[in-house]
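Nothing in this text is a laboratory measurement; each read-out follows from the coordinates by a stated rule. All of these numbers come straight from a predicted model, not from anything done at the bench. All Cβ positions, even for glycine, are placed from backbone atoms using ideal geometry, and neighbour counts span all protein chains on display.
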Amino acid sequence: MFRARLAGVALCALLAMLPAWADPVRVTARRDGEAVIVEAQARLRAPLHLIWEVLTGYERYAEFVPDLQSSRVLSRDRDTALVEQRGTAGFFLYRFPLEVRLAVTELPFERVTCRAVAGTFKELSGVYDLSADGDFVRFGYRGRLVPAFRLPPLIGLPALRASVERQFGALVREVERRSAELPPPESR
């Protein structure tokens, strides 16, 4: 009996230590013919401008996004960019190359759309959305991926889902990290 109470108290203490500024990241993936459709969502308690800065700071992605060895802006013109990313991704022992050149369009503080113009995907398109939700910002991603490489039937979908979850989760964690470094809202 005492151990059960102690375990309950310990669980409550652990839950209290979780970040108060974000909901857990939720990612789903499903097949649509040869394509994989992925969706990811999180609610962040962070300034919108900070989330936007992390999301559009493509040159820094390799510093905090797992599986990426490089991410660089090849060209930029106002609200568009050409971004090249390289790395590997996978699930357990299954690994696949991640090489993509993305045409990116930014609608400041609301949306970033991207589509692959070269790389290891026959098709890759995605949309990141930001929207205010009280004291939070809803941060979402919807993507359609058609790999140019063979995707194993049993582990292919989980591998792509896990990859998106790691990458989207890394963006969320970077926002949380930078948000924790900001002065309290009343002193800004």
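Quick notes
- A simple spin-label model places pseudo-atoms 7 Å from Cα toward Cβ; at residue 131 and residue 101 they are separated by 3.5 nm.
- Think of the range 21-187 as having a plus end and a minus end, set by charges on the Cβ of Lys, Arg, Asp and Glu; of 151, 102, 112, 151 sits farthest toward the positive end of this dipole.
- Per DSSP, loop chymotrypsin sites (Phe, Trp or Tyr not before Pro) in the range 127-188 with at most 12 further Cβ within 10 Å: 149
- Available extension along the chain between residue 73 and residue 28 is 13.3 nm, counting 0.36 nm per residue and deducting the alpha carbon span.
- Average projection, convex hull of the Cα set of the range 21-187: 9.8 square nanometres.
- The gain in end-to-end length when the residue 180 to residue 88 segment is fully stretched comes to 30.1 nm, 0.36 nm per residue minus the alpha carbon separation.
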